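Computed from the coordinates by the stated procedures, all read-outs in this text should not be read as laboratory data. Model, not experiment: these values are computed from the prediction. Neighbour counts are summed over all protein chains in view; Cβ atoms, including those assigned to glycine, are modelled from backbone coordinates with ideal geometry.
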Amino acid sequence: MRLFVSVDLPDDLAASIETVQDELRDASGLRFTDPEQTHVTLKFLGDVGEGQLDDLRRELAAAVSDASVEPFSARFGGLGVFPSLEYISVVWLGVEAGGDSLTRLHEAVESRTVAMGFEPESHEFTPHVTLARMEHAGGKELVQNVVREREPTVGKMHVDSIHLTESTLTDDGPTYSSVDSFSLE
């Protein structure tokens, strides 16, 4: 199973996320994420065997304990891209509040999963919500303009758990389902 660790955004933010995505709809080359499946990825794990699940669950519970993050409020807004405005592969929504707690959770999950043998991240963690992936640069100029000129606010949520999430690839894009949840202390 293809897994990642996430903080899932609530359904009540989907309409606001879609409104932000609508500003980019005319940009050719963008493949949009489903607003109802948006999340902050804390750690992408990749293919995980069924035999690893019990150990993974135990380590994620320990990571939540290690992080010592109490339930908190996260606010989402602002736009950015990876890796740069000149070469765009991902368009994302930023985290305006709660980023420090998300980073602490990421660091604890990263430490525990790397110790289990999962690949370490190859880049610095930036808490974000992926809005779209750029498949070709046809709409790059429109994306650049929207990212430079707009500072949308999407809303906030109460974060009280992280999720072990399965990603199933389909012809219509990935679908996500929660395998397990781990409550914050």
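Give the shape of segment 17-69 as rounded, prolate or oblate, defined through the alpha-carbon gyration tensor: a ≥ b ≥ c are the square roots of its eigenvalues, a/c under 1.5 means rounded, and otherwise the shape is prolate if a/b is larger than b/c and oblate if not.
prolate
If you take every residue apart from Glu86 with its C-beta less than 15 Å away from the C-beta of Glu86, what net charge results, scoring Lys and Arg +1 and Asp and Glu -1? Let's see the in-between values first.
Details: positive: Lys140, Arg148; negative: Glu141.
Neighbour charge sum, excluding Glu86 itself: +1.
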Inset, instruction - Fewest Cβ neighbours within 10 Å first, please rank Met116, Met134, Met157 accordingly. - result: Met116, Met157, Met134
Legend entry - Over segment 119-160: Rg over Rh, Cα atoms, Kirkwood Rh: 1.05
Legend entry - Dipole magnitude of the chain, debye to nearest 20 (Cβ charges: Lys/Arg +1, Asp/Glu -1, about Cα centre): 320 debye
Legend entry - Mean separation of Cα contacts under 8 Å, 6 or more apart, over the residue count of segment 2-183: relative contact order %: 34 percent
Legend entry - Calculated FRET efficiency for the pair Thr19/Leu85, C-beta based, R₀ 30 Å, to 0.05: 0.85
Inset, instruction - With 5 Å bins from zero, work out the P(r) of segment 2-183 over every alpha carbon pair and list the percent per bin. - result: 1, 8, 17, 20, 20, 16, 11, 5, 2, 0
Inset, instruction - Any chance you could check the Cα centroid distance between segment 112-185 and segment 2-72 for me, in angstrom? - result: 5 Å
Inset, instruction - Answer rounded, prolate or oblate for segment 60-134, using the Cα gyration tensor with square roots of eigenvalues a ≥ b ≥ c: rounded when a/c is under 1.5, else prolate when a/b is larger than b/c, else oblate. - result: oblate
Legend entry - Under the span-like rule (Cα at least 18 Å along the axis, Kyte-Doolittle mean at least 0.5), DSSP H helices of the chain: none
Legend entry - Among Gly80, Gly98, Gly138, residue whose mean-square fluctuation peaks in a GNM of the chain (springs only between Cα atoms under 10 Å): Gly138
